[in-house]
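The values are calculated or read from the model by the stated rules, or taken from the named source; none is laboratory data. Because the structure is a prediction, the values reported are computed rather than measured. We place every Cβ from the backbone using ideal geometry, glycine too, and count neighbours over all the protein chains shown.
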């Protein structure tokens, strides 16, 4: 899983096996270690939850979790949509753009590096 944070937006990009894991286990997470102690980490996760009706962010000082409706995951995983998108109202702090997307194969990488990626819809097309 890849995480990209830019301004007030956060994007998670998932490979095919990660999307399958999210469908079956309902949670996918990774941890970035920043130092040698237990509190110097950032865990980022995507969670499919049947109890929520709209995407949301849950966070602590060491964790960021994108919580998305379970039925949205099923539709997205088996369909042609690139991602699940939401704009979250932060009150006086503006808005947070949330994206959970399929990770497409890079056109300039070899097959081994792209093995678990979704087929790139632009593959084989002229630039």
- [ ] Among the residues of the range 2-46, write down those that are without any contact (Cβ under 8 Å) to a residue 60 or more places away in the chain, part of a loop (DSSP other than H, G, I, E, B) and either buried (at least 17 other Cβ atoms within 10 Å of the Cβ) or on the phi > 0 side of the Ramachandran plot (or both).
- [x] 7, 26
Open item on the list: I'm checking my understanding of the structure. Among residues of the range 64-103 that are out of contact with any strand residue (DSSP E or B) (no Cβ under 6 Å at 6 or more places or on another chain) and surrounded by 14 or more Cβ atoms within 10 Å (Cβ to Cβ), which one is modelled with the lowest pLDDT?
Closed with: 77
TODO: Just need a number here: residues in the range 47-80 that are in a loop (DSSP other than H, G, I, E, B) and closer than 18 Å to residue 10 by Cα.
DONE: 5
